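Enquirer: If you scroll down you'll find the structure; I have some questions about it.
The values are calculated or read from the model by the stated rules, or taken from the named source; none is laboratory data. Small disclaimer: the values here were computed from a predicted structure and weren't measured. FYI the Cβ positions are ideal-geometry reconstructions off the backbone, even for glycines, and counts take in every protein chain you see.
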Amino acid sequence: MLSAILAACSSGPLQPGPVGAPPEQFSSLKSHGDHYLAQAKRAEPADAFSWRVLAIRAFLEEQQLDKAQQLLAQLQKDVSPEQAPTLDLLTSALSLARGQVVEAEQQLAKVNQGALSRDAKSYYFWLQAKRLEQQQQPIDAAAMLVKRHELLSASEQSSNRERIYALLADSSAANLRQAQQSSDNKQFTGWLRLMAILNASGTDQEQRQWQLQSWQRTFPEHPGSYYLPEGIANAAVRLAAYQPRHIAVLLPLTGKLSEQADAIRNGILSAHQGQSSRVSFFDTTKQSMTDIYQQLQNSEVDFIIGPLLKDKLTELANLDIALPVLALNMPNQAQHDLAHRYYFSLAPDAEAAEAARHMWEQGHQQPLVFAPNNALGKRMAHGFNQQWQQQTGQKARIAYFNSKQSIENDVRRALNTKASAPSAKAGEIQPISELENTPKSGSIDSVFMASNATETRFILPYFDFVRDSRAQRLPTYVTSRSYTEDNEAPMSELNQLQLADMPWLFGSAPQLKEEVALLWPDRNASWLRLFALGYDALTLVPQLTDLQMGSPAVAGLTGELTVSEQGVVQRQLQWMEYRDGTWQAQINDTIPWQ
């Protein structure tokens, strides 16, 4: 037995067993380069490539660049198409390690991202961030790390988050806000907005808290929440009533919209009579919102009404200002989840939605929406249909008219009174010539016309004619676009037409109406509506927070006003019926403004 043992010992050291499967090529490194290289020499040919990739990465971290280059050169001699993207990444990493940033940028541009594994893509974004940081582009470098973040494990995300914060911490608030305008990544936008707030100097503490709380509501699960100051996290936004000392009004006071702006301005000034606060007007036509905001800060403004134009609203939103705002329009993408942001407009699609609510309350089950075949008509039809679906779970029937010459045929198609003509397809917004079969959901029992006064007057007789002039007219509803003043000659074709508009046009606030008539005798209905918008906007300021928290509606010139949780001012209009030349209250219709 002893001889056998001695014979075994004299034969040399025991050989290690076979190497197991290698880790993922771009997973976290657990050992040094020489260890991975030794594993590659013992591994099966199919696994040796992965072990060598790990060795190259380890040599790069250890700054053994010559070893990394030699091993990379060996692999490049016999590389398969599947392995090429991996070697492209390693070549870029070697260039970065040698400080050859331009070469690394060119090499990274050639990498086929679609062929990368999850870990390899994470490594790609890490290299891009490293490259951009070396090129003195910290914001762009942070953008790469944000893309990398979701590819990491929970344990790896902590250090990645710290690096994002460090890259953005030294950037100015102005540069961060500028970067927001081109960001198409919500997570990155969240980082930019947060760091712009944290990096801004001279912001009032209470206003800064508003911004941070608004940011938290917009990005509740954002990794940047880790850097919110103590006391902000999970704090409720304080909604005390606004009592501004200096209100800024942002309007296009010059240019093609100056007349409309002047009507709003006069409404605000009329509502402001007798108040102790100060109101200043700023022309948005020739100045950027950045320049105007700087003036507002210098003027100690504490509330903003406006802007009126959508592009200016977007520009102002990108500044992430530390002031409450009552905008006089609805931007295409309103930031409804921001505290201290409100939106008040006379949008035609909102009036169409009001018509849908009213018609449902009147008991109608199958309305026909008849609208002009243009952008405004489609917008109003969509507003009606969206509200109708919300109430009923069903789509409204929508049809479009094109011109006076085709109106009879358009009405026939919409009512489906001619067997060969297609009728309105429920909920579809498309030209009348493309309409398909009417859904089997009952006959039309009412009509909503998204038409102006001239179109309404022209179209109504065709509905009577196509159906049967002896039959009772379908209940027909219109909005403010179809308003005609009482002093015009009676138009019998409009009898029984039901219209929703501002109570201001139907006799509310008679004393103010007399003052307006004396000061501006040439005003028309459009001017009066804009005047009322300005008047109600200023009147609403101290009531906004209470209304948003659910207090009862307030009676305004523009309608009965409430505010949604998202900060949108909603108007309940007054419904009137045309009878022999005048608009009269509907029977059993209460008028709270009188």
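Enquirer: Scan (1) in contact (Cβ under 8 Å) with a residue 24 or more places away in the chain; (2) in contact with a Ser or Thr (Cβ under 6 Å, 6 or more places away or on another chain); (3) surrounded by fewer than 17 Cβ atoms within 10 Å (Cβ to Cβ) for the single condition Arg148 breaks and write down its number.
Expert: Result: Arg148 passes all but (3).
Enquirer: Pick out the one residue from Leu316, Leu326, Leu269 that is under 21 Å from Gly556 (Cα atoms) and under 23 Å from the mean Cα position of the chain (by Cα). Break it down into steps so the answer makes sense when it comes.
Expert: Values: Leu316 fails: under 21 Å from Gly556 (Cα atoms); Leu269 fails: under 23 Å from the mean Cα position of the chain (by Cα).
Criteria check complete, one pass: Leu326.
Enquirer: For region 325-340, enumerate the residues that are crowded, with 21+ Cβ neighbours inside 10 Å and either at pLDDT below 90 or touching a Gly at 6+ places or on another chain (Cβ under 7 Å) (or both).
Expert: Filtering region 325-340 down to residues crowded, with 21+ Cβ neighbours inside 10 Å leaves 325-328, 338-340.
Within region 325-340, Ala327, Leu328, Leu338, Ala339, His340 qualify.
Enquirer: Here's another thing I want to ask about it. Where in region 178-292 are there helices (runs of 4 or more DSSP H), lying fully within it, with 2 or more residues that are among the basic types (Lys, Arg)? Walk me through it before giving the result.
Expert: Numbers: elements: 186-199, 205-218, 258-272.
Result: 186-199, 205-218.
Enquirer: Those residues that are among the small types (Gly, Ala, Ser) and surrounded by fewer than 17 Cβ atoms within 10 Å (Cβ to Cβ), I need them from region 57-108; list them, please.
Expert: In the first step, residues of region 57-108 are kept if they are among the small types (Gly, Ala, Ser); the result is 58, 68, 73, 80, 84, 92-93, 95, 97, 99, 104.
Hits for region 57-108 are Ala73, Ser80, Ala84, Gly99.
Enquirer: Exactly one condition in (1) under 32 Å from the mean Cα position of the chain (by Cα); (2) surrounded by 19 or more Cβ atoms within 10 Å (Cβ to Cβ); (3) not in a helix (DSSP H, G or I) is not met by Val111; state its number.
Expert: It fails just one condition, (1).
Enquirer: State all residues of region 137-163 that are under 19 Å from Pro223 (Cβ atoms) and part of a loop (DSSP other than H, G, I, E, B); if no residue qualifies, say none. Spell out the reasoning first.
Expert: Taking region 137-163 and keeping what is under 19 Å from Pro223 (Cβ atoms), we get 138-163.
Hits for region 137-163 are Glu150, Leu151, Leu152, Ser153.
Enquirer: Here are some conditions: (1) of a type in the set (Gly, Ala, Ser); (2) within 25 Å of the chain's Cα centre (by Cα); (3) surrounded by fewer than 17 Cβ atoms within 10 Å (Cβ to Cβ). Ser258 meets all but one. Which one does it not meet?
Expert: With respect to (1) of a type in the set (Gly, Ala, Ser); (2) within 25 Å of the chain's Cα centre (by Cα); (3) surrounded by fewer than 17 Cβ atoms within 10 Å (Cβ to Cβ), Ser258 is out only on (2).
Enquirer: Considering region 20-68 alone, what residues qualify as being assigned to a loop (DSSP other than H, G, I, E, B), touching a residue at least 12 places away in the same chain (Cβ under 8 Å) and not polar (S, T, N, Q)? Quick ask: steps written out before the conclusion?
Expert: We begin by selecting, within region 20-68, every residue assigned to a loop (DSSP other than H, G, I, E, B); these are 20-32, 43-44, 62-64.
From the residues that got through so far, the ones that are touching a residue at least 12 places away in the same chain (Cβ under 8 Å) too are 21-29, 31-32, 43-44, 62-64.
Listed by number, the residues that qualify are Ala21, Pro22, Pro23, Glu24, Phe26, Leu29, His32, Ala43, Glu44, Glu62.
Enquirer: Same structure again: Could you go through region 127-136 and let me know if any residue there is under 24 Å from Leu323 (Cβ atoms), part of a helix (DSSP H, G or I) and at pLDDT 90 or above.
Expert: From region 127-136, those under 24 Å from Leu323 (Cβ atoms) are none; that's our starting set.
The answer is no; no qualifying residue exists.
Enquirer: Which residues, counting only those in region 69-80, are within 48 Å of the chain's Cα centre (by Cα) and either at pLDDT below 85 or not in a helix (DSSP H, G or I) (or both)?
Expert: If the condition is that a residue be within 48 Å of the chain's Cα centre (by Cα) and either at pLDDT below 85 or not in a helix (DSSP H, G or I) (or both), then Val79, Ser80 are the ones that fit.
Enquirer: Something else now. Give the residue that is farthest from Ala352 (Cα to Cα), with candidates limited to residues of region 379-393 that are crowded, with 22+ Cβ neighbours inside 10 Å and not polar (S, T, N, Q).
Expert: Step by step, filter region 379-393, then rank; the result is Trp388.
Enquirer: Could you say which residue among Ala196, Ala154 is aliphatic (A, V, I, L, M) and surrounded by 13 or more Cβ atoms within 10 Å (Cβ to Cβ)? If you could, list the steps in order and put the result at the bottom.
Expert: On the way: Ala154 fails: surrounded by 13 or more Cβ atoms within 10 Å (Cβ to Cβ).
When all the criteria are applied, what remains is Ala196.
Enquirer: Output the number of the condition that Ser50 fails; it satisfies all remaining conditions of (1) assigned by TED's automatic domain parsing to the domain that holds Leu116; (2) out of contact with any Pro (no Cβ under 6 Å at 6 or more places or on another chain).
Expert: The failed condition is (2).
Enquirer: Which of the residues that make up region 379-401 are among the hydroxyl-bearing types (Ser, Thr, Tyr) and more than 21 Å from Glu455 (Cα to Cα)? Reasoning before the result, please.
Expert: Initial filter on region 379-401 (among the hydroxyl-bearing types (Ser, Thr, Tyr)): 392, 400.
Within region 379-401, just Thr392 meets the criteria.
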